[in-house]
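Peer 1: Please see the structure below; I have some questions.
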Amino acid sequence: MNLLSKTTAALGIMLSLSSCTAQIKNAKTESVKIYGNCDMCETAIENAGNLKQVAQVDWSKDSKTATIKYDTTKTNRSEILKRIALAGYDSDQFLAPDDTYAQLPECCRYDRVNKPALVQSEKEETHSMENHSTTSEMEREVSQLNAIFDNYFSIKDALVKSDQKSASTTAKNLLSLMNEVKMEKLTTEEHSVWMKVMSSLKSNTDKISTSTNIEKQRNAFMALSANIYDLIKVAQQDATIYYQNCPMYNDGKGANWLSKENTIKNPYYGSQMLTCGKTVETIK
């Protein structure tokens, strides 16, 4: 490649990067410490943190520092660092799951400076302190997600009664609660599932809230239930939840829902076939 070609290519890359950066509105830029070793780490960290037109991450393997730029109306530093932690890379704010770190290529297994080894006597004392802290933190997390689950159960009850108006009103409240979820307060598992189902959760809740047709609401509720099931499986719960199935709905393919009671009250057919179905899983 001659000098002119190299220069043209370099300018192209710079313009591309500039264009990408310019697309981020309401931008805020911060520097954060993220731990890694090599070029593979750089690619993984940046891929995990980047979100088109929302967030951009530029990580240096030499300084172990990332410059993050993000749209403050759509995300925040915690959400970006959680995605990076879920990819296996510690920051000063979030630690990667141990099993994810263990699966990194050998060259990528950086020294985990924020997770020092403890002597046995210190472990016991720390475990006791962590339990107290975790209990307090879990109480906040549980209350945050329980509000979402409780509204879901209220939608289910409305559909059991074939009450389209109540289902719509409750779905509007549920959508508002979803938009208020503070993702930095979710556990690692909850955050991972939330990021996967959030778009579908909001879409199907919106369909229930805006529809005046009970059958369309029930169809959206079927998809909503699948997402809530994924989330409730990793969330901290004080009560037993029953995962139930109607074998006849959805053209005989069946459809599931969640309930706080083991008694079958079918939200897909209401009084027409109130007791049609069975409990297929008990979640404790």
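The values are calculated or read from the model by the stated rules, or taken from the named source; none is laboratory data. Every value quoted in this text rests on a predicted model; they were computed, and no experiment measured them. Note that we place each Cβ from the backbone using ideal geometry, even for glycine, and neighbour counts take in every protein chain shown.
Peer 1: Could you tell me how many of the residues in region 233-251 are over 16 Å from GLN272 (Cβ atoms) and either surrounded by 20 or more Cβ atoms within 10 Å (Cβ to Cβ) or of a type in the set (Gly, Ala, Ser) (or both)?
Peer 2: The number of residues fulfilling the criteria is 4.
Peer 1: Where in region 27-118 are the strands (runs of 3 or more DSSP E), entirely inside, with at least 2 residues that are surrounded by 18 or more Cβ atoms within 10 Å (Cβ to Cβ)? Reasoning before the result, please.
Peer 2: Numbers: elements: 27-33, 55-60, 65-71.
Once the strands (runs of 3 or more DSSP E) in region 27-118 are filtered for at least 2 residues that are surrounded by 18 or more Cβ atoms within 10 Å (Cβ to Cβ), what remains is 55-60, 65-71.
Peer 1: Quick check on region 205-215. Is at least one of its residues assigned by TED's automatic domain parsing to the domain that holds SER168, farther than 22 Å from ASN179 by Cα, in contact with a strand residue (DSSP E or B) (Cβ under 9 Å, 6 or more places away or on another chain) and not in a helix (DSSP H, G or I)? I'd like the intermediate steps shown before the answer.
Peer 2: Our first condition is that a residue be assigned by TED's automatic domain parsing to the domain that holds SER168; within region 205-215, this holds for 205-215.
Adding the requirement that they be farther than 22 Å from ASN179 by Cα leaves 212-215.
Adding the requirement that they be in contact with a strand residue (DSSP E or B) (Cβ under 9 Å, 6 or more places away or on another chain) leaves none.
Looking for residues that are assigned by TED's automatic domain parsing to the domain that holds SER168, farther than 22 Å from ASN179 by Cα, in contact with a strand residue (DSSP E or B) (Cβ under 9 Å, 6 or more places away or on another chain) and not in a helix (DSSP H, G or I), one finds none in region 205-215, hence no.
Peer 1: Tell me, yes or no, whether region 188-201 has at least one residue that is under 30 Å from ILE84 (Cα atoms), in a helix (DSSP H, G or I) and in contact with a Phe, Trp or Tyr (Cβ under 9 Å, 6 or more places away or on another chain). I'd like the intermediate steps shown before the answer.
Peer 2: Applying the first criterion (under 30 Å from ILE84 (Cα atoms)) to region 188-201 yields 188-201.
From what's left, in a helix (DSSP H, G or I): 188-201.
Adding the requirement that they be in contact with a Phe, Trp or Tyr (Cβ under 9 Å, 6 or more places away or on another chain) leaves 188, 201.
Yes, region 188-201 contains at least one residue that is under 30 Å from ILE84 (Cα atoms), in a helix (DSSP H, G or I) and in contact with a Phe, Trp or Tyr (Cβ under 9 Å, 6 or more places away or on another chain).
Peer 1: If you go through region 67-93, how many residues are touching a residue at least 60 places away in the same chain (Cβ under 8 Å) and farther than 14 Å from GLY36 by Cα?
Peer 2: Start the filter on region 67-93 by keeping residues that are touching a residue at least 60 places away in the same chain (Cβ under 8 Å), which leaves 76, 78-79, 82-83, 85-86, 92-93.
Keeping just the survivors that are farther than 14 Å from GLY36 by Cα gives 76, 78-79, 82-83, 93.
Adding up the residues that qualify gives 6.
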